[in-house]
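Here's the structure, in structure tokens; my notes come after.
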Amino acid sequence: MLIAIAAAAAFFILRPAAPGSDDAVVPEDGASGMVMQLLPSELYTVAPGTLSDTVQVTGSLVPARALSIPAEVSGRIDSVKFRVGEQVAEGAELATIDVETLRNRLEQSRATAEATRAQLVLAEAQLQRTTDLVRRGVSSTSALEAESANLSQVEANYTALLRQVETAEDELSKARIIAPFAGVISARSVDPGTYVTVGTELLGLVDMTALDLEGGVPAVHAPRLRVGQRVDLVVDGLSDHRFEGVIDRIAPVAVAGTRVLPVFARIENADGLLKGGMFASGTLVLAESADGIGIPADALREDEDGSYVLKITGDQAIRQSVEVVRSWNRGRLVEISSGLAPGDTIVALKMERLQPGATVSLVGR
């Protein structure tokens, strides 16, 4: 957990120490016998926490799974079972299209195919008889060829009719519009009696159990983006709730002219609070370090001996060497590997007149 630093304006007061007292310290800046007073906002108490690098991400929420359901056969709408906003189960019948007409067409195709099958049986028997006659020398080979050609034609007709039956069965099944997954009706474009053709949009169906944040981040961060990174979000209208998403997809190309790379974060919505079209903003965590010791970047100082901070010990600001690992939070924090321990108090701001060895007085506590 990051410890926020109050960005209060730093100020200091110099006052003379009592003559002959132990407070008469000569700071390195030459302000002999002076004591610097420090406010709590100018100090930082060292504590371990989670250090992170983040980038802002904003965008709209869209259902992770959405489907526009079109008509797959032409006909008149017989019924529409659901309205916008109603829940539907997977496999539920949503609407039907002129089932009676399609059923009549299927029965006619089946009857024609059955009649042709009878012709096929007869042609096969006739070919067998002619073959026997030719074998005994009673009939000519030309008659056999004619019967064989007739059988081939009937077989071809029968095959074509079977395909018509299959097509009619398929159309009849498509006249019943079935929900391919459980969800909520998001749009309804037709009512009973409406004539539709193939491709006419009938209904919209969305799965609201999960949504995607369609956001964007500056393309400069692309090398550090990974699928699975966490996104902490606040959604407009739900400011008292915090949501967590996970990067699900990363676009391979930035939006032309913007240098913004689209990213898609999956957010679970089991309680149904989130709706499609809501605007969300938050932070995408690029990297993290658990239980690290971080200090404000302004607390870090440099001299010929290396990096150090001013550590408050009693009424003294002493030089404390530190080992720097890296910076975090876009350069606002610096991770320290050695030199400081949890509970240490250091000067958090750049105060040029406060130098190692100075006497300090803490006020406002």
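Quick check: pseudo-label points 7 Å beyond the Cα along Cα→Cβ at GLU352 and GLN316, how many nm apart are they?
According to this spin-label approximation, the distance is 2.7 nm.
For the residue pair VAL84 and ARG65, what label-to-label distance in nm results when each label sits 7 Å from Cα along the Cα-to-beta-carbon direction?
2.3
Placing +1 at every Lys and Arg Cβ and -1 at every Asp and Glu Cβ, with all other atoms neutral, what dipole size does the stretch 270-365 have around its Cα centre, in debye to the nearest 20?
Dipole magnitude for the stretch 270-365 comes out near 380 debye.
Given the DSSP H assignment, sum -39500 (n - 2.57) over each helix run of at least 4 residues in the chain and divide by its residue total; what's the result at 222 nm in deg cm²/dmol, nearest 500?
-7000 deg cm²/dmol
Can you tell me the length gained on complete extension of the stretch ASN157 to GLN56, counting 0.36 nm per residue apart and subtracting the Cα distance?
29.6 nm
When Lys and Arg each count +1 and Asp and Glu each count -1, what net charge do the other residues less than 9 Å away from GLU93, Cβ to Cβ, add up to?
Result for the neighbourhood of GLU93: +2.
Using +1 on the beta carbon of Lys and Arg, -1 on that of Asp and Glu, and nothing else charged, what's the dipole of the stretch 52-211 about the Cα centre, debye to 20?
Using only the charged Cβ atoms, the result is roughly 280 debye.
Could you tell me how many degrees, from 0 to 90 and to the nearest 10, lie between the Cα long axis of helix 141-174 and the main elongation axis, the longest principal axis, of the Cα atoms of the chain?
The helix 141-174 is inclined about 40 degrees to the chain.
Residues in the stretch 193-209 near a label at LEU238, defined as backbone nitrogen under 14 Å from the 7 Å Cα→Cβ point?
Within reach of a label on LEU238: 208-209.
Students often forget the sequence filter, so: which aspartates and glutamates lie under 19 Å Cα-Cα from LYS311 once same-chain residues fewer than 8 apart are removed?
The qualifying aspartates and glutamates are ASP23, GLU28, ASP29, GLU42, ASP298, GLU302, ASP303, GLU323, GLU335, ASP344, GLU352.
Tilt of helix 99-135 relative to the longest C-alpha principal axis of the chain, in degrees (0 to 90, nearest 10)?
Relative to the chain, helix 99-135 is tipped by roughly 50 degrees.
If the convex hull of the alpha-carbon atoms of the stretch 317-365 is projected onto planes in all directions, what is the mean projected area in square nanometres?
Average of the hull's projected areas for the stretch 317-365 equals 4.6 nm².
Summing Lys, Arg as +1 and Asp, Glu as -1, what charge do residues with Cβ under 9 Å from the Cβ of ARG230 carry, ARG230 excluded?
Net local charge, ARG230 excluded: -3.
Please report the accessible area of HIS241 (heavy atoms, 1.4 Å probe, ligands and nucleic acids excluded) in Å², nearest 10.
70
Above 32 angstrom, tally the Cα pairs of the chain and express them as a % of all pairs, no decimals.
Percentage above 32 Å: 64.
If you average the C-alpha positions of the stretch 270-321 and of the stretch 69-146 separately, how far apart do those two centres end up, in angstrom?
A separation of 74 Å, based on Cα centres.
Give me a comma-separated list of calculated 3J(HN,Hα) values for the stretch 41-49, in order, Karplus coefficients 6.51, -1.76, 1.60 applied at θ = phi - 60°, integers in Hz, x for any Gly or Pro.
5, 9, 10, 9, 9, 5, 8, x, x
Cross-link candidates for LYS81: which aspartates and glutamates have Cα within less than 12 Å, leaving aside residues fewer than 8 places away along the same chain?
By straight Cα distance, LYS81 reaches GLU93, ASP191.
The values are calculated or read from the model by the stated rules, or taken from the named source; none is laboratory data. All of these numbers come straight from a predicted model, not from anything done at the bench. Positions of Cβ are backbone-derived with ideal geometry, glycine not excepted, and every protein chain shown enters the neighbour counts. Each accessible area value is taken on the protein alone, full model and side chains, heavy atoms only, with ligands, DNA and RNA left out. Shrake-Rupley method; radii C 1.70, N 1.55, O 1.52, S 1.80 Å.
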